[in-house]
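The values are calculated or read from the model by the stated rules, or taken from the named source; none is laboratory data. Treat the numbers as computed from the prediction; the structure is a model and nothing was measured. No Cβ is skipped: glycine too gets one built from the backbone with ideal geometry, and neighbour counts run over all protein chains shown. For the accessible areas, the whole protein counts, side chains as well, though only heavy atoms, and no ligand, DNA or RNA atoms are used. Shrake-Rupley method; radii C 1.70, N 1.55, O 1.52, S 1.80 Å.
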Amino acid sequence: MARKGRDISGWLVVDKPAGMTSTAVVNKVRWAFGAKKAGHAGTLDPEATGVLAVALGEATKTVPYITDALKAYSFTVRLGQATNTDDAEGEVIAASDLRPTDDEIKQALSPFVGDIMQVPPKFSAVKIDGQRAYKMARAGEDVELSARPLWVEELILTDRLDADYVTLEMTCGKGGYVRAIARDLGAALGCYGHVTTLRRVWSGPFDAKDGLSIDRIEALARTPDLDSHLHPVEAGLYDLPELRCTPEGATRLRNGNPGMVIAAVAEYGDECWASLDGKAVAVGIYKSGELHPSRVFNQ
C-alpha cells in the first residue's frame, strides 16, 4: 500500500539531541512535513548530537552522496577506562592509573590519520551473518568483527579538560566509528579509553549551526515556515560535477535514456548530474557529450 503524504522534496538539517535514535528523528521530520517519503544520511548513535541530514521525497535519491561525503566530529574521551560498548553507556571492563601527557597523546594520533583499518565496536549496527552485532553482543555472544578501511582526513587534540578527559576533533570519510578511535587510542597509549560525548559538527555541505532542534521542528510542524528551512535536492549533489542539459536532453534523461549535455568540467566516465534551469534532472555517467542516467529526478 502506498504511503500517504505530501510530495515534498529537499534536505532538512537537524541538530539531533542526545537520547534519540536517528530513525526517530526521521519519523519526527516526516510527520512535521506530512511527507510521503524520508530518509537520513549517516546514522548517529542515540547519545550523539549534531548534524543529521534528513532527505525528503526526491532528495532521498541523493542520500548515498551525503553518506559518502566527509564528516567532522568533536568528541570527548575518558582516559583510564575501557567499556564493553566503547562509550559511557557500557560497563567498565578494564582500568588503568596511567595518564599520558598532551605530547604523548598528540604523537599517538598520527597513526590514526590517512588510510587506516578500523574494527567497528561490538555494540554497533554492523551485520554478521545477517544479524546486528549489538543484538548479538547484548545476548552475550562473542562478537568478532573484521577490520574495514577508513579514510581519516584529520585527527587533532583540541582540549585537555583535566587528567582524565581530552577533547578531539576528527574529519573522516564514510563508515568511521568515533568509539573505535577512542578505544584504539586508549590501547595505543596503554591507558584504555572510551567516548563520553560525541557531536557531528558537519556532514558534507550541511553544518550543525544551520540545524533545527527537535523542539523547533515540532513548533513549526505543518507550516510554510518549516518548508522554508528546506535545502534543495541539489544540495545532496554538491560533490559531483554539474552538467547543463537542453530541454530535449532533459526529456530523454527523464525517460531513462542518454541525453545530450554541455560539459565544461567532466571527463569521459565521470559520475555527474545534469540540470535544467538549476533543477536536477538525473545523475549518471558522462560519455561523449551525453549523460547515461542511473538515477532520474521527478521535479
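Quick look at the values:
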{"read-out": "The stretch 266-297, subset of a type in the set (S, T, N, Q) and free of Cβ contacts under 8 Å to residues at least 24 places away in the same chain, residue nearest to P232 (Cα to Cα)", "value": "S294"}
{"read-out": "Any hit, the stretch 217-236, residues being within 30 Å of R200 (Cα to Cα), surrounded by 14 or more Cβ atoms within 10 Å (Cβ to Cβ) and touching an Asp or Glu at 6+ places or on another chain (Cβ under 6 Å)", "value": "yes"}
{"read-out": "Those residues of the stretch 116-144 which are aliphatic (A, V, I, L, M) and under 21 Å from the mean Cα position of the chain (by Cα), in sequence order", "value": "I116, M117, V119, A125, V126, A133"}
{"read-out": "Residues satisfying the stated conditions in the stretch 84-125, i.e. of a type in the set (F, W, Y) and not in a helix (DSSP H, G or I)", "value": "F123"}
{"read-out": "Selection within the stretch 126-153 - surrounded by 13 or more Cβ atoms within 10 Å (Cβ to Cβ), touching a residue at least 24 places away in the same chain (Cβ under 8 Å) and either in contact with a strand residue (DSSP E or B) (Cβ under 9 Å, 6 or more places away or on another chain) or not hydrophobic (A, V, I, L, M, F, W, C) (or both)", "value": "L145, R148, L150, W151, V152, E153"}
{"read-out": "All positions within the stretch 139-164 that are at pLDDT below 85 and either closer than 20 Å to D45 by Cβ or assigned to a strand (DSSP E or B) (or both)", "value": "A139, V143"}
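So that you can scan it fast, the table gives a plain yes or no per residue for (1) among the basic types (K, R); (2) assigned to a strand (DSSP E or B); (3) open to solvent by less than 60 Å² (accessible area, probe 1.4 Å); (4) touching a residue at least 12 places away in the same chain (Cβ under 8 Å):
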{"site": "M20", "(1), (2), (3), (4)": "no, no, yes, yes"}
{"site": "A24", "(1), (2), (3), (4)": "no, no, yes, no"}
{"site": "N27", "(1), (2), (3), (4)": "no, no, no, no"}
{"site": "G39", "(1), (2), (3), (4)": "no, yes, yes, yes"}
{"site": "V51", "(1), (2), (3), (4)": "no, yes, yes, yes"}
{"site": "V63", "(1), (2), (3), (4)": "no, no, yes, yes"}
